[in-house]
Amino acid sequence: AGNLIGADFVEWLKAKVPVYEKIYNQMVKDEKMQALEKQFFTGLESKSWDQVYASGKELLAMDPEKYRPAEIVLGSIGYDETAKSPRVTTWNDETLKYAKQSIADLEAGKKFEPLGFGRYAYKDKDEALGWLNYTIGYILSFDKNDKKQGVEYLYKASQARSTTATIPDVYRSIGSYYIDEMNKRIEELQALVKAQVITDADDVKAAKVAEIKAKQGMVNGTAERALNAFAHAVALANKDTKNAAYAKAITETAKQIYGIRFGKPDGFDAYISTANAAALANPSTAIEPVIDADTSAEAPAGTPAAKPAASTATPKPGTAAKAASESAKSKGTRQ
C-alpha cells in the first residue's frame with residue numbers, strides 16, 4: 001500500500017538488473033584488457049620485460065583463447081637475454097614455463113592467431129616449435145647447468161623444419177654437452193689407470209686392463225659424438241663469412257677433441273667432412289663404445305691425452321665452448 005512502483009515494473013527490473021550487471025562487468029573487463037594490451041605492446045617495443053610479463057600473464061588469465069599468442073612471447077624472451085654478453089637470466093624461469101606450455105599447446109593443435117607478436121612472432125608452427133625448443137635447450141644448458149635435459153630440446157631444434165636447423169650454435173651447444181660427458185669419462189679413465197699396481201696378481205692386472213679398455217672405448221665413442229655435432233656446426237658456420245671468427249673458434253675446439261680421440265692432428269679435415277655427412281646422433285640413444293685395435297693387449301693402458309681447454313668450464317653463451325672469443329657469436333635470426 002502506498003508503493004508508487006508497480007509490481008510489473010519490479011519484476012521487469014529483477015529480470016534486467018543481471019543483464020545490466022553483465023554488460024557493465026564486460027565493459028570494465030574490456031577497459032582493463034585494453035589497458036593491459038597497451039602495456040604489453042608498449043613493453044614489447046621498449047624491451048621492458050617486467051612490464052611484458054606482468055601484463056601478458058594477466059591477459060592470459062582473463063582470456064587465454066584470445067591472448068594465446070602472448071604465451072609464445074613469454075616463452076621466447078629469455079633466449080635473447082641469456083645470449084647477451086653479459087647474459088641476463090632474470091626472466092628465464094618464466095620463459096621456460098611458457099615455452100613448454102606453448103610447445104604443448106602447439107602440438108595439441110590449439111589455435112594461435114598469430115604465432116606470437118612483434119619480434120617474437122613466427123611464420124608457421126614448425127618455425128615456432130624450432131625456436132621454442134632451442135630456447136628451452138639453451139637456457140637449460142647455459143643458465144640452469146642442466147645440459148643432459150637441455151640437449152634433448154636442442155636436438156629437437158636441430159631436427160625441426162625451422163631455421164633453427166641451420167644455426168651453427170644449435171650444434172655447437174649439443175657438442176658442448178658431449179665434451180662435458182667425454183671429460184667425465186676421461187677423469188674416470190685416468191683414475192682407473194692410476195689404480196694399476198705393478199704387484200697386482202696377473203688376473204687382477206688383466207681385469208683392470210679390460211676395464212680401462214672398456215672405459216677408453218666410451219671416451220672414444222663420446223668424442224665421436226662431439227665431433228659429429230661440431231662437424232655440423234663448422235659446416236654451417238663456414239657458409240657465411242660473417243661467422244669467420246666463430247667458425248675459427250669452433251674448428252679449434254673440434255681439433256682439440258679430434259686430438260684426444262686419435263692422438264694426432266693428421267686427418268682432421270677428412271674426418272670432419274665425413275662426420276658432417278653423417279646424420280646428427282640422437283642424444284637419447286646410448287653412446288656405443290669404440291674400441292680401437294690394440295697390438296699390445298697385455299700392456300697396461302696409458303694415461304689419455306689431456307682434456308680440451310675448451311671444456312674445463314661451462315661454455316659461455318654464443319661462444320665455441322670457451323675456445324672462442326666473447327665476440328664470436330652465431331645466434332641465427334627468427335623468421
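The values are calculated or read from the model by the stated rules, or taken from the named source; none is laboratory data. Please read these numbers as outputs of a predicted model, since none were measured by experiment. Cβ atoms come from the backbone with ideal geometry, glycine included; neighbour counts cover every protein chain shown. Side chains are part of the model used for accessible areas, which takes the heavy atoms of the whole protein and leaves out ligands, DNA and RNA. Shrake-Rupley method; radii C 1.70, N 1.55, O 1.52, S 1.80 Å.
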In the list Arg87, Arg119, which residue meets the criterion of being at pLDDT below 95, surrounded by fewer than 21 Cβ atoms within 10 Å (Cβ to Cβ) and within 24 Å of Pro283 (Cβ to Cβ)?
Arg87
Quick check: anything in the range 27-37 touching a residue at least 60 places away in the same chain (Cβ under 8 Å), under 38 Å from the mean Cα position of the chain (by Cα) and open to solvent by 90 Å² or more (accessible area, probe 1.4 Å)?
no
Residue selected from the range 69-84 under the condition closer than 19 Å to Asp169 by Cβ and aliphatic (A, V, I, L, M), by the criterion modelled with the highest pLDDT:
Ile77
Report yes if some residue within the range 272-285 is part of a helix (DSSP H, G or I), farther than 14 Å from Gly175 by Cβ and not β-branched (Val, Ile, Thr); otherwise report no.
yes
Can you name every one of the helices (runs of 4 or more DSSP H) wholly within the range 61-144 that holds 1 or more residues which are touching a residue at least 60 places away in the same chain (Cβ under 8 Å)?
68-74, 77-82, 125-142
Return yes when Lys255 is over 23 Å from the mean Cα position of the chain (by Cα) and either of a type in the set (Asp, Glu) or modelled with pLDDT of 95 or more (or both) and no when it is not.
yes
